[in-house]
Amino acid sequence: MSRPLGITVSRHIMDNQRLHPEATGDLSGLLNELIVAAKTISAEVNMAGLADILGMSGKTNIQGEHVQKLDEFANNTIKRRMARSGYLCAMTSEEEADIIPVAEGYEGKYTLAFDPLDGSSNIDVNVSIGTIFSIHHRLSPDGGPGEEADLLQPGASQVAAGYIIYGSSTMLVFTTGDGVHGFTLDPSVGEFYLSHPDIRIPAKSKYYSVNEGNTNYWQEPVRRYLDYLKEEDKATGRPYSARYIGSMVADFHRNLIAGGIFLYPRDSKDSTKPYGKLRLLYEAAPLAFVAEQAGGRAVTDDGRSILAIKPDDLHQRVPVVIGGSGDVENFLNFINGDN
Ligand code: P6P
């Protein structure tokens with residue numbers, strides 16, 4: 001009996017499209033183009049240890065962070081491929097201050113916000129990094145170039161979102177609003193195969209992910225919540241365990257699969273970042289969509305739904321608490337003073 005053929009991501013996308021008779025195929029085409037860019041980045045990331053593209057490019061990005069050559073490569077790979085895909089009217093990237101236009105004559109009906117290589121400070125130490133993406137329908141009339149307003153939409157109106165994690169294997173995890181599915185790249189074939197159908201994040205876990213070096217800068221209810229996690233849990237007789245690697249895609253992916261709550265609260269450490277470090281459009285909102293489609297929750301450290309936030313700025317930062325529904329509800333009890 002031969003092994004059943006693996007379901008490729010292209011087959012999964014087409015099967016999903018068939019569930020929506022009104023679909024034109026543009027979203028499918030967009031996702032497939034993005035996947036080609038991801039495969040190109042994956043090949044380069046896996047070569048990074050061998051090629052001489054490690055190290056700094058000598059430039060800094062909108063965030064004032066040193067841009068690593070792989071960051072630049074990933075950003076350009078996505079921009080160049082998607083600008084002529086015919087599916088987008090505008091893009092925004094963590095690496096660029098302003099809205100990124102698409103090629104004239106190639107304007108489409110969607111927008112793309114992306115972090116080309118999140119966690120890039122971990123590149124040189126071989127820690128998993130990732131590309132995060134978020135797709136919306138344009139609001140402006142079809143035809144011409146997109147506007148900033150097309151990108152500044154709340155996460156709740158995302159059409160699709162997900163990430164590619166470049167780790168021990170390269171995985172694509174995304175949702176189009178019908179659950180969350182994971183695909184693993186077979187580099188020998190160059191295909192992503194369905195490996196994690198219908199991912200559900202465990203409601204309660206025994207792990208928390210946070211940079212405890214910032215403890216003294218957090219608001220008091222957040223500190224009280226973390227102290228609570230370190231007490232013996234009556235059910236298990238043990239405290240939660242800390243798991244934090246400083247690469248959001250890696251920390252988020254572990255929590256999505258094994259359970260856990262990830263926090264990047266606001267901290268008073270850096271007055272230029274009063275709302276914490278993570279960006280709404282291309283980190284918090286896409287991962288919030290994935291988490292909630294997998295049965296989890298995503299809120300700010302004062303209890304607001306991340307998906308409900310209407311962005312004012314392309315690079316707006318937001319405090320993030322994201323994980324299993326039970327863990328996040330526990331956190332909210334502390335924030336609302338019920339504990
Ligand atoms: P810290 C990486 O630079 C990043 O944006 C996220 O991927 C990660 O979760 C966070 O910053 C780590 O920040 O302050 O803990 O080093």
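The values are calculated or read from the model by the stated rules, or taken from the named source; none is laboratory data. Worth saying up front: this structure is predicted, and the values here are computed from it rather than measured. Don't worry about glycine lacking a Cβ; one is built from the backbone with ideal geometry, like all the others, and counts go over all protein chains shown.
Every condition in (1) buried (at least 22 other Cβ atoms within 10 Å of the Cβ); (2) within 16 Å of the ligand (Cβ to nearest atom); (3) over 18 Å from residue 315 (Cα atoms) is met by residue 117 except one, and the failing one is (3). Can you pull out the strands (runs of 3 or more DSSP E) entirely within region 49-111 that have at least 2 residues that are surrounded by 15 or more Cβ atoms within 10 Å (Cβ to Cβ) and at pLDDT 95 or above? Counting at least 2 such residues, we get 88-93.
Considered as a group, the residues in region 189-205 that are in a loop (DSSP other than H, G, I, E, B) and over 18 Å from residue 298 (Cα atoms) include one that is farthest from the ligand (Cβ to nearest atom), and that residue is 189. For first residues located in region 236-254 and acidic (Asp, Glu), partners that are within 12 Å of the ligand (Cβ to nearest atom) and at pLDDT 95 or above and lie 6+ apart or on another chain with Cβ distances below 6 Å form the pairs 251/209; 251/245; 251/262. When you scan region 126-149, do you find a residue that is touching a helix residue (DSSP H, G or I) at 6+ places or on another chain (Cβ under 7 Å), closer than 30 Å to residue 267 by Cβ, outside any strand (DSSP E or B) and of a type outside the set (S, T, N, Q), even just one? Scanning region 126-149 turns up at least one residue that is touching a helix residue (DSSP H, G or I) at 6+ places or on another chain (Cβ under 7 Å), closer than 30 Å to residue 267 by Cβ, outside any strand (DSSP E or B) and of a type outside the set (S, T, N, Q). If you take the residues in region 255-280 that are within 13 Å of the ligand (Cβ to nearest atom) and hydrophobic (A, V, I, L, M, F, W, C), which one is farthest from residue 316 (Cα to Cα)? By that ranking, first place goes to 262. Within region 120-158, if we keep just the residues that are β-branched (Val, Ile, Thr) and under 20 Å from residue 254 (Cα atoms), the residue that is surrounded by the fewest Cβ atoms within 10 Å (Cβ to Cβ) turns out to be 125. Number of residues in region 206-254 that are over 16 Å from residue 332 (Cα atoms), under 26 Å from the mean Cα position of the chain (by Cα) and either away from the ligand (no atom under 16 Å from the Cβ) or assigned to a loop (DSSP other than H, G, I, E, B) (or both): the value is 10.
Whether a residue is assigned to a strand (DSSP E or B) and either in the same structural domain as residue 293 (by TED's automatic domain parsing) or not aromatic (Phe, Trp, Tyr) (or both) was assessed, and residue 123 does not pass this test.
So is residue 264 surrounded by fewer than 20 Cβ atoms within 10 Å (Cβ to Cβ), of a type in the set (Phe, Trp, Tyr) and in contact (Cβ under 8 Å) with a residue 12 or more places away in the chain or not? Taking the combined requirement at face value, the residue does not satisfy it. Candidates 123, 164, 129, 135: the one that is in contact with a strand residue (DSSP E or B) (Cβ under 9 Å, 6 or more places away or on another chain), closer than 20 Å to residue 87 by Cβ, within 16 Å of the ligand (Cβ to nearest atom) and of a type in the set (A, V, I, L, M) is 164.
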